[in-house]
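All remarks here apply to the structure that follows.
Where a number appears in this text, it was derived from the coordinates with a stated rule and is not lab data. All values reported here derive from a predicted model rather than from experimental measurement. FYI the Cβ positions are ideal-geometry reconstructions off the backbone, even for glycines, and counts take in every protein chain you see.
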Amino acid sequence: MWRAARRPRRTAWRFTPLQSRERKPAATLATKARRILWAWWVWGAATLALTAAGEWGWVIATGLLAFVSHLVRPQSEPPELGLDHAFDTQSPEFLTTMAGATGVPFIRGNTFEILNNGDAFYPRMLDDVRSASMSIAMEAYIFWAGEIGMTFAEALAERARMGVRVMILLDAVGSSSIGDDIISVLEAGGCHVAWYNPLSWRHIGRFNNRTHRKSLVIDGAVAYTGGAGIADQWQGDARNEREWRDVQVRFEGPAARVLQSGFAQNWQETNGELLSGEPYYPVLESSGPHALQVIMSSAETGTSSVQIVHYLAIVCARESILIANPYFVPDAVALQTLVEAKQRGVDVQIMVSGIRNDNWLARQNSVRLYGDLLRAGIRILEFNRSMLHQKVMVVDGVWATVGTTNFDSRSFAHNEESNVCVYDRGLATQFERAFREDMAGCSVVTLEEWQNRGIVRRVSEQVAALLEDQV
């Protein structure tokens, strides 16, 4: 009797790595438990079960939890394989891998300036705004009411009245306190103001995706990015608790077009308006000696470009890693790569915002994770003179990245971010010098001190851990 050939049965969806490499721990047991707690399908199943039981009050509660859990889930995950490279930052493979893995090349022919604190970067930014002749594109997570906010508003409005195309894209959450006075000045001057992901039913599926970028592009040729928003706390020179410590970078040349492109994409997504022509994309000649990699990262693509460059740089480090970041909440992969770097002889130093930290959740989660780092011999410094808000990493005294990205899940898995990477010993030395000068405002965390923290702090940390993926 004829029988049809039996189709081979697939017993599992298997993946064979290209090379025999160690898989990094994507999540600890505690992290897995937390993610199950926040899994939408868990609460969805509970909703179905309670519906069958007729428990309508609980049905509403679990249904809401299922909906919220679905909305806040991380949009990207860290790589688990391929983070054990044999090549280092001195190898030609380092830069080609950085460019290839992110899809972002290094662009030659740019000037590059490092501007430390508001007394340095706000006057420079305002001078460039006031000299604009064709276009100004600003994308800001924070633009708040206050003295510096009004100063920028008046400068932007004055340029708009002179015929310059002024476009301002504000995050609907981060800039919600901008105030009617500033909006009135901007609109009366002819500026075009738009809001990224407003909290409305039309954007409900994306409300957890924020633009955390702080970019300013003048005439498509001069660009700024870094940690600072437009608000009074960034004024000054980080001399006391009222003056935040931060860094902005200014670059001029062909690399500015990448920051402009990132703005244009979010502008079109928000307003449906395509930006085209010379006012936004002029022909740019070489302006300076530096090659820059400008990364416009979006977690909505499913892969975070800024996360890739941070992790690749760590695994390729052979001499030193200096990290200055206010909200340092590394996942299991980052923790292991940092510990392994220390074990192979790399000098690893991490500077975070200490008692002046403005984010309770980030602070508690950061301290909770100090243990493995301290036991490995990694040096942790807490900057206490003021709020440290810069986002800088320097590796082996030759590669550095600076921008808007915090070393946490929110920047890697939820937000729109912008970073600039340089491979230049002179620029890396400038970043290193600033890092070492900032040490004067820091206290060093010891393993004994961390182990002896009180029960109240430990309980607070565990409560905060429930929201680690949202920090």
(request) Kindly put F383, F152 in sequence by how many other C-beta atoms sit within 10 Å of each C-beta, fewest to most. (result) F152, F383
(request) Please name whichever of L388, Y327, A157 sits farthest to the positive end of the charge dipole of the chain, dipole taken about the Cα centre and charges placed at Cβ: Lys and Arg +1, Asp and Glu -1. (result) Y327
(request) Per DSSP H run of at least 4 residues, take -39500 (n - 2.57); add these up for the chain, divide by its residues and hand me the 222 nm value, nearest 500 deg cm²/dmol. (result) -11500 deg cm²/dmol
(request) Output the peptides 52-58, 455-461, 361-367, 93-99 sorted from most to least packed, where packing is the average of other Cβ atoms within 10 Å over each peptide's residues. (result) 361-367, 93-99, 455-461, 52-58
(message) I need the Kirkwood Rh of region 106-250: take the reciprocal of the average 1/r across all distinct C-alpha pairs and report it in angstrom.
(response) 15.7 Å
(message) Restricting to bridges with both residues inside the chain, how much of the DSSP beta-bridge set is antiparallel, in percent to the nearest 5?
(response) 65 percent
(request) Just order 187-193, 274-280 by mean Cβ neighbour count inside 10 Å, highest at the front, would you? (result) 187-193, 274-280
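Using DSSP H assignments, which helices in the chain have an axial alpha-carbon span of 18 Å or above and a mean Kyte-Doolittle hydropathy of 1.6 or higher? List each step's numbers first, then the result.
Details: long enough: 40-53 (20 Å, 1.16); 56-72 (24 Å, 1.62); 147-161 (21 Å, -0.03); 256-271 (22 Å, -0.87); 425-438 (20 Å, -1.11).
Counting only whole DSSP H runs, the qualifying helices are 56-72.
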(request) List W234, W195 from most exposed to least, where exposure is judged by having the fewest other Cβ atoms within 10 Å. (result) W195, W234
(message) Restricting to lysines 8 or more places apart or on different chains, can you count the pairs in the chain with Cα atoms under 23 Å from each other?
(response) 4
(request) Calculate how large, on average over all directions, the projected area of the Cα convex hull of the chain is; give the answer in nm² to one decimal. (result) 29.5 nm²
